[in-house]
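Read through the structure below, which is laid out as structure tokens, and then see the notes.
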Amino acid sequence: MAKGKTNAMRMLDAQKVEYELITYESQDGKIDGVSVAEKIGKDPKAVYKTLVAQGVTKQVFVFIIPVTEELDLKKAAKAAGEKKVEMIPVKDIQKLTGYIRGGCSPVGMKKQYPSFIDAKAQGLELIIVSGGKIGMQMELKVDDLQKAIGAKLADLIK
């Protein structure tokens, strides 16, 4: 099990945001969101993945969507005010965010990029996102996540 605080946890602690840390075994290599939701015994509708994309202006954006859904790039571009956005290559994720694929938290990235949470999250009391390491998830109030990273709610999924 991963131990020690990640940047995501330090940032939430600094903002006095309450969250619950949930850890899971990742040795089987199943780190996709749906597998993680099963491992932690949570409804996949409450488990969100963090996707990093870039607009034509080269601005980086963060989209937080349910693990069971797919990002609609047209809707994402509209939310971000870009003509179009494209997913960032996996090899560039760490350079831009400080996190690796499968452990990319929307909280505590190297830079605070404009962030958007899918509007479906409004119906949730608690949202689960990556804790910043494979094997760690954080559960917190949707409002708290939104405030912590300055995210806007938007329709983002297909």
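The values are calculated or read from the model by the stated rules, or taken from the named source; none is laboratory data. Bear in mind the structure is a predicted one, so any value in this text is a computation, not a measurement. In this analysis, Cβ positions are derived from the backbone assuming ideal geometry, glycine residues included, and neighbour counts consider all displayed protein chains. We work out accessible area using only protein heavy atoms, side chains counted, and drop any ligands, DNA or RNA first. Shrake-Rupley method; radii C 1.70, N 1.55, O 1.52, S 1.80 Å.
Which one is modelled with the highest pLDDT, of the residues in the stretch 95-112 that are over 14 Å from A8 (Cα atoms) and open to solvent by 50 Å² or more (accessible area, probe 1.4 Å)?
Residue satisfying both the conditions and the ranking: K95.
Return the residue satisfying two criteria in turn: it lies in the stretch 29-52 and is in contact with a Pro (Cβ under 9 Å, 6 or more places away or on another chain) and of a type in the set (D, E, K, R), and of such residues it is surrounded by the most Cβ atoms within 10 Å (Cβ to Cβ).
Ranking the qualifying residues of the stretch 29-52, first place goes to K49.
Can you find even one residue in the stretch 83-95 that is more than 19 Å from A154 (Cβ to Cβ), assigned to a helix (DSSP H, G or I), touching a Gly at 6+ places or on another chain (Cβ under 9 Å) and not aromatic (F, W, Y)? Step through it out loud before you land on a result.
In the first step, residues of the stretch 83-95 are kept if they are more than 19 Å from A154 (Cβ to Cβ); the result is 89-95.
Next, only the ones that are assigned to a helix (DSSP H, G or I) stay: 90-95.
With the extra rule that they be touching a Gly at 6+ places or on another chain (Cβ under 9 Å), the set shrinks to none.
No, the stretch 83-95 contains no residue that is more than 19 Å from A154 (Cβ to Cβ), assigned to a helix (DSSP H, G or I), touching a Gly at 6+ places or on another chain (Cβ under 9 Å) and not aromatic (F, W, Y).
From K45, K5, K49, K30, which residue is over 19 Å from I134 (Cβ atoms) and of a type in the set (K, R)?
Only one candidate qualifies: K45.
Would you pick out the residues in the stretch 113-126 that are closer than 23 Å to E20 by Cβ and open to solvent by 10 Å² or more (accessible area, probe 1.4 Å)?
Selection gives K120, Q122, G123, L124, E125, L126.
Please note which strands (runs of 3 or more DSSP E) are completely contained in the stretch 2-66 and include at least 2 residues that are more than 17 Å from I93 (Cα to Cα) and of a type in the set (K, R).
No strands (runs of 3 or more DSSP E) qualify here.
Can you run down the residue pairs with Cβ atoms below 8 Å, 6 or more apart or on separate chains, where the first is in the stretch 6-30 and closer than 14 Å to L140 by Cβ and of a type in the set (F, W, Y) and the partner is at pLDDT 95 or above and part of a helix (DSSP H, G or I)?
Y19/M9; Y19/L12; Y19/D144
Starting from residues that are open to solvent by less than 10 Å² (accessible area, probe 1.4 Å) and either touching a residue at least 60 places away in the same chain (Cβ under 8 Å) or over 13 Å from K84 (Cα atoms) (or both), keep the ones in the stretch 53-72 and report whichever is farthest from the chain's Cα centre (by Cα).
Step by step, filter the stretch 53-72, then rank; the result is P66.
Checking the condition at pLDDT 95 or above and in contact with a Cys (Cβ under 7 Å, 6 or more places away or on another chain), which residue from S115, S130 passes? I'd like the intermediate steps shown before the answer.
On the way: S115 fails: in contact with a Cys (Cβ under 7 Å, 6 or more places away or on another chain).
The unique qualifying residue is S130.
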